[in-house]
1. Taking region 35-74, which residues are within 16 Å of the ligand (Cβ to nearest atom) and under 22 Å from residue 109 (Cα atoms)?
2. If you check residue 157 against the conditions, is it in contact with a Pro (Cβ under 8 Å, 6 or more places away or on another chain) and not assigned by TED's automatic domain parsing to the domain that holds residue 19?
3. Test residue 183 against the criterion of being surrounded by fewer than 20 Cβ atoms within 10 Å (Cβ to Cβ) and under 26 Å from residue 89 (Cβ atoms), and give yes or no.
4. Residue check: is residue 159 over 20 Å from residue 89 (Cα atoms) and surrounded by 13 or more Cβ atoms within 10 Å (Cβ to Cβ)?
5. Yes or no: residue 141 under 16 Å from the mean Cα position of the chain (by Cα) and of a type outside the set (A, V, I, L, M, F, W, C)?
6. Take the residues in region 89-101 that are more than 9 Å from the ligand (Cβ to nearest atom) and touching a residue at least 24 places away in the same chain (Cβ under 8 Å); name whichever of them is nearest to the chain's Cα centre (by Cα).
7. Any residue in region 188-199 that is surrounded by 15 or more Cβ atoms within 10 Å (Cβ to Cβ) sitting within a Cβ distance under 6 Å of a residue that is part of a loop (DSSP other than H, G, I, E, B)? List the pairs, counting only those 6 or more apart or interchain.
8. Given the structure, is residue 60 modelled with pLDDT under 95, closer than 29 Å to residue 169 by Cβ, assigned to a loop (DSSP other than H, G, I, E, B) and not assigned by TED's automatic domain parsing to the domain that holds residue 166?
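The values are calculated or read from the model by the stated rules, or taken from the named source; none is laboratory data. Bear in mind the structure is a predicted one, so any value in this text is a computation, not a measurement. Every residue, glycine as well, gets a Cβ built from its backbone with ideal geometry; the counts of neighbours run over all protein chains shown.
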Amino acid sequence: MAVLGEHHPAFEEYCECIFELAEDDVDVIQARIAERLNVSRPAVSEMMRRLEAEGLIATDSGIQLTDAGLALGTKIVRRHRLAERFLTDVLQLSWAEAHHEAGKWEHVMSQSVETAMDRLLGNPTTCPHGNPIPGSAYIEPDSVRLADIAVGDGFTVQRITEELEFTPGLLEFLEASALQPGNAGVITAASPDGTVTVEIDGHHVGVGAFASARILVSA
Ligand SMILES: [Zn+2]
């Protein structure tokens, strides 16, 4: 039972999901929410009614977070990304494990733990995948999609967008391939369908079109 000032974990999960879909410019529609949360369409439409009754979303023009919903989504995303940073930087867990664990920690972290974690980590501005921590001093860098870099040109990885964090197996692949924020590489081949081959940190890796359109880099 939720106490005053706390929300049902499902409400938190949905507000986080809507926040992150909008952040990645993905259409916030029930089908995308169902995919992201791995739940049925009827479950999503039932939850939309509950979120609206709670005053967390408005549905007059598409699905939008209200001020209260945005505050809740922002808090959960912040705790998720701070927890990921702690789980990778301090506990040395893999990217995929950290993402999975942070999905649980985000719901149980108190304000005092959040503040202490932020201090311990030195006020980080992004999660290990390069996604901004809300409320941090993050400044959005100039970036382009990996798919837009020409063959022969170099790039530095900036951000693995949240959509890719939810693609099964992809975080494991990117970590094993050294395609991580801060690492520099070169495009060695590109095909018209958007697949690129990169050389990075001694690895030669093929990156499919879905991922190459969602990895942000600096040229
Ligand atoms: Zn992340």
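1. As a first pass, look at region 35-74 and keep what is within 16 Å of the ligand (Cβ to nearest atom): 36, 73-74.
73, 74, listed by residue number.
2. Criteria met by residue 157.
3. For residue 183, the condition - surrounded by fewer than 20 Cβ atoms within 10 Å (Cβ to Cβ) and under 26 Å from residue 89 (Cβ atoms) - is met.
4. Working: over 20 Å from residue 89 (Cα atoms): no; surrounded by 13 or more Cβ atoms within 10 Å (Cβ to Cβ): yes.
No: the conditions fail for residue 159.
5. The answer is no for residue 141.
6. Within region 89-101, the subset more than 9 Å from the ligand (Cβ to nearest atom) is 89-94, 96-97, 100-101.
If we keep only those that are touching a residue at least 24 places away in the same chain (Cβ under 8 Å) too, we end up with 89-90, 94, 96.
Values: 89: 17, 90: 20, 94: 16, 96: 12 Å.
Applying the filter and picking the extreme gives 96.
7. Every condition considered, the pairs that remain are 190/151; 195/208.
8. no
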